[in-house]
1. Of Lys57/Lys86; Lys138/Lys223; Lys295/Lys333, which sit over 30 Å apart, Cα to Cα?
2. May I have the pair-distance distribution P(r) for the chain, computed from all Cα-Cα distances with 10 Å bins from 0 and rounded to whole percent?
3. Would you mind getting the accessible area per residue of the chain, heavy atoms of the protein chains only, 1.4 Å probe, in Å²?
4. For a quick check: with amide H placed at 1.01 Å from N, whose amide H comes under 5 Å from Cys39's, ignoring anything fewer than 5 positions away on the same chain?
5. In Å and on Cα atoms, what radius of gyration and Dmax does the range 50-282 show?
6. Given Cα positions, please report Rg to Rh for the range 1-153, the hydrodynamic radius being the Kirkwood one.
7. Under a point-charge model restricted to the Cβ atoms of Lys and Arg (+1) and Asp and Glu (-1), what is the dipole moment magnitude of the chain relative to its Cα centre, in debye to the nearest 20?
8. GNM, the chain, Cα, under 10 Å: largest mean-square fluctuation among Ser338, Ser245, Ser74?
Amino acid sequence: MENELAELKVAGLYRTLKTIEKTDGRFVWINGQRLINFCSNNYLGLANHPKVIETAKSACEEFGAGAGASRLVSGNLILHEKLEAKLAAFKGREAALVFPTGFMANLGIISSLTDENDTIIIDRLNHASIIDACRLSKAKLQVYPHKDMVALEKILKRSGKFKKRLIVTDSVFSLDGDLAPLPQIVELAKKYDSLTMIDEAHATGVLGVRGLGLEEHYGLPGKVDIIMGTLSKALGSLGGFVAGSQTLIDYIKNKARSFIYTTALPPSACAAAIASLEIIEDEPEHLRRLRENIKTLTPACRQAGARRSTIPPLPEGEGKTPIMPIIIGPAEKTLEISEKLFERGIFLSAIRPPTVPKGASRLRLTINSLHTKEDLKCLASSLQALIPA
Ligand SMILES: *Cc1c(COP(=O)(O)O)cnc(C)c1O
């Protein structure tokens with residue numbers, strides 16, 4: 001272990017935790033220093049919304065700090081069912097089911113729906129939880145290059161022998177901020193009689209006019225078979241979910257081990273997510289502010305990325321998602337820029353291999369609705385200063 005850790009240190013790949021002493025969504029305090037947080041997934045600031053906090057507090061008082069058991073034993077609270085009804089309505093589906101985290105949702109959904117007679121076909125840049133879910137399943141895993149629809153069709157063409165073909169993709173790719181080509185995926189799935197599943201972790205609350213997700217963004221409501229998402233990003237809470245037909249949800253409820261053998265989501269997290277869904281409906285200003293901030297900062301990020309790298313700095317999702325990667329290249333250099341930003345009061349952590357490919361280390365900048373024009377200016381000028389041509 002010591003040798004391996006020493007190797008990681010030499011390669012600039014050693015990971016440490018930063019201790020946040022306090023936060024309000026816009027700022028974090030580390031070692032007594034106040035920094036603007038540019039690397040959180042709290043896109044709409046809802047983790048810090050007064051109504052969300054108040055609702056979580058009352059649920060804690062009414063139901064306790066924990067649910068006390070798994071859902072199928074004595075942990076199934078009225079809050080879980082209310083949350084699931086809201087999620088189903090939000091995603092335009094018959095039913096929904098919540099898990100303790102998004103990671104566990106992916107493990108449970110994918111591993112319960114597929115077996116050795118099936119194949120799972122995924123984008124190469126899908127989230128780690130999808131990849132681990134595929135490893136847990138006995139189905140044959142097939143991977144296509146990022147968003148390569150010609151390659152996807154080739155795989156589908158030769159996969160007729162499998163009983164089920166399940167295509168899984170992130171809606172918004174978590175480290176690049178670009179979007180899955182849903183219209184083509186849906187068309188290919190239909191042509192080759194395959195099931196589709198999207199991971200809406202970074203799309204829920206963010207994409208589409210009302211923040212409903214990727215289907216709304218492309219004007220394809222109801223076209224995807226299985227919608228997975230998380231309560232932990234734009235919804236500002238914790239927990240994962242799946243939405244789809246009643247049969248799908250009944251099946252997963254009966255089969256998914258990461259649903260059956262784990263304690264139910266705590267009441268406070270349920271209540272917070274319910275409040276967040278209501279706020280997304282009633283207060284569109286949060287999404288509007290997020291979009292204004294994305295628009296304001298896009299040119300500065302594009303320029304910083306272009307100065308550093310031959311890899312296109314911002315992919316085609318540009319301007320639509322709050323994730324703006326600035327690809328620096330070498331791990332050590334990325335870490336160094338991140339540390340210098342820290343000295344200037346900006347918290348923006350370095351993302352290095354194996355999270356991203358070797359030589360593609362990056363600053364994964366995320367914007368939220370709480371950032372002010374001043375914050376954005378401060379970041380833009382720091383990027384200008386620290387990332388020269
Ligand atoms: C964050 C994330 C998850 C995991 O969700 P958690 O609720 O944080 O466990 C799954 N998929 C994608 C694409 C993610 O970005």
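1. Result: no pair exceeds 30 Å.
2. Going out from 0 Å in 10 Å bins, the chain shows 5, 22, 31, 27, 13, 1, 0 percent.
3. 45
4. Thr366
5. Rg then Dmax for the range 50-282, in Å: 17.3, 56.
6. 1.04
7. 840
8. Ser74
The values are calculated or read from the model by the stated rules, or taken from the named source; none is laboratory data. Note that the structure is a prediction, hence the values are computed from the model and not measured. When we count neighbours, we look across all protein chains shown, and the Cβ atoms used for this are built from the backbone with ideal geometry, even at glycine. What goes into the accessible areas is simple: the full protein's heavy atoms, side chains included, and nothing from ligands, DNA or RNA. Shrake-Rupley method; radii C 1.70, N 1.55, O 1.52, S 1.80 Å.
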